[in-house]
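What follows is a short report on a single structure.
Laboratory data are not the source of any read-out in this text; all were calculated from the coordinates shown. Fair warning: this is a prediction, and the values are worked out from it, not measured in the lab. For neighbour counting, all protein chains shown are included, and Cβ atoms are generated from backbone atoms with ideal geometry for every residue, glycine included.
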């Protein structure tokens with residue numbers, strides 16, 4: 001995800017960002033008292049609901065880790081059968 005801050009643009013950062021994982025919406029982060037609060041876009045990311053992050057990139061990394069962990073868990077369940 002490219003933000004004005006990461007692209008070198010000197011303009012102020014936005015107050016909200018869409019977080020996507022594998023081209024699907026994971027949630028929205030909204031600036032809240034100097035941090036970014038996560039609002040899940042689907043049940044898959046409900047565990048991250050309300051989490052606060054230092055920046056949108058941190059939220060994106062957390063969403064990716066969460067999705068990867070869910071995929072690993074699903075894969076291990078199917079390989080046991």
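General remarks:
- Computed with the Debye formula from one identical point scatterer per Cα of segment 16-80, without solvent, the log10 of I(q)/I(0) at q = 0.12, 0.17, 0.26, 0.28 Å⁻¹ comes to -0.30, -0.54, -1.04, -1.17.
- Panel order for 14, 42, 51, by other beta carbons found within 10 Å of each beta carbon, from fewest to most: 42, 14, 51.
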